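K.L.:
Got a structure here, written out as structure tokens. Questions coming.
Nothing in this text is a laboratory measurement; each read-out follows from the coordinates by a stated rule. Computed from a prediction, not measured in an experiment: that's the story for all the values here. When we count neighbours, we look across all protein chains shown, and the Cβ atoms used for this are built from the backbone with ideal geometry, even at glycine.
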Amino acid sequence: MSADPGHKEASLRAVAELFDHFMRAIYSQSFVEGLNPAQWGALRFLNRANPRSRTLTEFARFHMVSKSAASDTMSALVRKQLVTKSRDPEDGRIMRLDLTQRGRDLLAIDPLNNLVAALRRLPQEQHGLAADIAGAIARNVFAGLTEEGSDSESEPDSRLGRR
């Protein structure tokens, strides 16, 4: 039995719009404590990244922004005393970035915590499935963003090297 392609497309569009809706809700909640969404993302990055990756270049690469935009974000966080910059003891050309205690404390009220709480309310047996689906969606979205001339109609898994 084959599903109506038009219904399937409308259903996928509805799911995408639902994602957009709750992402906007989280985004709008991210203008708190004098921070903006990019700055919250930087605090999260520094909180989770291993010490060798806590550099401006790695932050820019991970968030897919220019070094200039990354520098503006980190400079604002340094001014707000949420992040410190220090020279790498092994390579003085590299500036290491670290959260201050105040920066770590702010993560307790991270607007993304609302999404974490919503995921936590899923039945336990759906946690792994939610992670798998979110990971697959992220890989497909990022593959489409980074692939030159990607065909939006092509199968996403084929762009990831899956068959």
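K.L.:
Just want the answer: with Cβ charges of +1 for Lys and Arg and -1 for Asp and Glu, which residue in LEU46, PHE31, GLY135 is farthest toward the dipole's positive end in the chain?
P.N.:
Toward the positive end, the furthest listed residue is LEU46.
K.L.:
Quick one: 3J(HN,Hα) in Hz for region 14-27, Karplus 6.51/-1.76/1.60 with θ = phi - 60°, rounded, Gly and Pro as x.
P.N.:
For region 14-27, the Karplus curve yields 4, 5, 4, 5, 5, 4, 4, 4, 6, 5, 5, 4, 5, 4 Hz.
K.L.:
Quick query: amide H of GLU33 versus all other amide H atoms, modeled in the peptide plane; which residues come in under 5 Å with a sequence gap of 5 or more or a different chain?
P.N.:
Close amide H contacts, sequence-distant or interchain: none at all.
K.L.:
List the residues whose amide H sits under 5 Å from the amide H of VAL83, counting only those 5 or more places along or on another chain, with H placed 1.01 Å from N in the peptide plane.
P.N.:
Long-range HN contacts for VAL83: VAL78, THR100.
K.L.:
How high is the relative contact order of the chain, given as a whole-number percent (alpha carbon pairs under 8 Å, six or more residues apart)?
P.N.:
16
K.L.:
With a/c under 1.5 counting as rounded, go ahead and sort region 57-106 into rounded, prolate or oblate using the C-alpha gyration tensor (a ≥ b ≥ c being the square roots of the eigenvalues; past the cut-off, prolate if a/b is larger than b/c, else oblate).
P.N.:
It comes out oblate by the Cα gyration axes.
K.L.:
Let me ask you something else. Pop out the Kirkwood hydrodynamic radius of the chain from its pairwise C-alpha distances, inverse of mean 1/r, in Å to one decimal.
P.N.:
Final number for the Kirkwood radius of the chain is 18.5 Å.
K.L.:
Another question, if that's okay. For every helix of n ≥ 4 consecutive DSSP H residues, a contribution of -39,500 (n - 2.57) applies; sum these over the chain, divide by its total residues, and give [θ] at 222 nm rounded to the nearest 500 deg cm²/dmol.
P.N.:
The per-residue figure over the chain is -19000 deg cm²/dmol.
K.L.:
While we're on this one: Sorted by mean Cβ packing within 10 Å, highest first, what order do the peptides 5-15, 77-87 take?
P.N.:
In decreasing order of mean packing, 5-15, 77-87 become 77-87, 5-15.
K.L.:
Then there is this: Summing Lys, Arg as +1 and Asp, Glu as -1, what charge do residues with Cβ under 11 Å from the Cβ of ASP88 carry, ASP88 excluded?
P.N.:
With Lys, Arg at +1 and Asp, Glu at -1, the net is +4.
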